[in-house]
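To start, the structure itself, in structure tokens.
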Amino acid sequence: MLVEMVIDGVDVPEDGSAGDLAADLLVRVAQHDERAFAELYDMLSPRVFALILRVLVNRSQSEEVLQEVFLEIWQSAQRFAPNRGQGRSWVLTIAHRRAVDRVRSSQASEDRDNRIGMRDLEAGFDVVAETVEARMDGERVVSALGSLPEGQREALMLAYYGGYSQSEISALVGAPLGTIKTRMRDGLSRLRTELGVIA
């Protein structure tokens, strides 16, 4: 008979007949029975992973937490008391707790990074100076482009501002591919000279 187990609002399908088997396996795992642990893993890892993934959403983090859950089960199976509940419930509770801990840890880390980032941004970044410098650099580039012959300027503008490949530029302007390559190479060389860039 298939029943639904709910842990903090997350429905986890549970096969009632397998619940006792999980408890039996946990008792054997508590005695460091590796075969029982492998059986328990094979039986419960898909459901445990599904629960963790629903909490974390991130697949790689969920895989890490799955490993942590089964490591904890191996290390602490002797704390499972068969007379106080089902083995599957005990395992899923550990999984849910670990997943929630990971969410809290990730959130705390992100909050800390944001606080540090904001502090560094406030202390060391002058928006006005950066904007003025970028505008001046842009004006220098526009002026340098204006000094190029039309063919070179057109090829460079289509490549860098239009995002076209050399083959596409060749088709657009009706010039051979070799000519486009030469125009771009010569144009870039002249731009470096105009802007004082050392190649």
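So for region 26-125, considering every pair of alpha-carbon atoms, how many percent are separated by more than 23 Å? Mind showing how you got there, number by number?
Values: 1883 of 4950 pairs.
Every Cα pair in region 26-125 considered, those over 23 Å come to 38 percent.
Calculate the dipole size of region 127-195 relative to its Cα centre from +1 charges on Lys and Arg beta carbons and -1 charges on Asp and Glu beta carbons; express the result in debye to the nearest 20.
260
Convex hull volume of the Cα atoms in region 127-195, per residue, in Å³?
For region 127-195, the hull spanned by Cα atoms encloses 77 Å³ per residue.
Treat each spin label as a single point 7 Å out from the Cα along the C-beta direction, and report the residue 79 to residue 168 distance in nm.
5.9
Roughly what would the spin-label model give for residue 115 and residue 142, points 7 Å off Cα along C-beta, in nm?
Label-label distance for residue 115 and residue 142, simple model: 4.4 nm.
Please identify every one of the chymotrypsin sites (Phe, Trp or Tyr not before Pro) in region 132-199 that sits in a loop by DSSP and has no more than 15 other beta carbons within 10 Å of its own beta carbon.
Loop-located and lightly packed - 161.
Where a number appears in this text, it was derived from the coordinates with a stated rule and is not lab data. Keep in mind it's a predicted model, so treat the numbers as computed, not measured. Every residue, glycine among them, receives a Cβ derived from its backbone with ideal geometry; neighbour counts consider all protein chains shown.
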